[in-house]
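Each value in this text was obtained by applying a stated rule to the coordinates, not by laboratory testing. As the structure is a prediction and not an experimental result, all values here were calculated from the model. Glycine also receives a Cβ, built like all others from the backbone with ideal geometry; neighbour counts cover every protein chain displayed.
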Amino acid sequence: MCLTNDELDVKMDFRSLALAGTMLGSGAVIVMDEDTCMVEVAINACSFYTDESCGSCTPCREGNRWIKRILDRVKEGASSEGELSVIEELGENMREGCFCALGMAAPNPVLSLIKKFRDDFIKHIELKHCPRKVEGN
């Protein structure tokens, strides 16, 4: 789950982060600048959970795969804004239907990124490339 630059003053404790709509996870903090592609961040997070899934329950195994496929299409500009809603629905199904905490948490980074950076995802779809990346970089 992510915080935006407007949320930098949120205290790093369970209660404060929960009130901000996020949580303490592995204890890692990743800082990204304004040139970071949020679609690529979402793909990387989804790829991690896809690789870590044991595959025992269908919501996790298939949910991660489908979310990654859609995110890949978003990155390529071959998607539609409606598919963001499909990701959100898949994520909610995973939160409710997975057997273990890994599966229940797997959609959280992607859902958080879509919620807080939805315009980036939409621009990616519309422009068919990353709006944050400058030619030559």
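Among Phe99, Phe121, Phe14, which one moves the most in a GNM of the chain with springs linking Cα atoms closer than 10 Å? Evaluated over the chain, the most mobile residue of the options is Phe14.
For Ser79, Ser85, what ranking results if the residue with the fewest other Cβ atoms within 10 Å of its Cβ goes first?
Values: Ser79 22, Ser85 11.
Listed from fewest to most nearby Cβ atoms, that is Ser85, Ser79.
Please give the net charge around Ser79, taking every other residue with its beta carbon less than 11 angstrom from that of Ser79, where Lys and Arg add +1 and Asp and Glu add -1. Each step should come with its number before you reach the end.
On the way: positive: Arg69, Arg73, Lys75, Lys128; negative: Asp72, Glu76, Glu81, Glu83, Glu126.
After counting each charged neighbour, the total is -1.
For semi-axes √(5λ) of the Cα gyration tensor in Å, the value computed from the atomic coordinates appears in the list (1) 32, 18, 15; (2) 28, 18, 13; (3) 23, 21, 12 under label (3).
Which links in Lys11/Lys123; Lys11/Lys75; Lys68/Lys133 stretch past 30 Å when you go from one Cα to the other?
Values: Lys11/Lys123 32 Å; Lys11/Lys75 33 Å; Lys68/Lys133 21 Å.
Pairs exceeding the cut-off: Lys11/Lys123; Lys11/Lys75.
By the count of other C-beta atoms within 10 Å, a proxy for reagent exposure, Cys37, Cys46 are ordered fewest to most as Cys37, Cys46.
Most exposed first by the Cβ proxy, i.e. fewest other Cβ within 10 Å, how do Glu88, Glu126 rank? Before the final figure, lay out the partial values.
Numbers: Glu88 16, Glu126 12.
Ranked by crowding around the Cβ, least crowded first: Glu126, Glu88.
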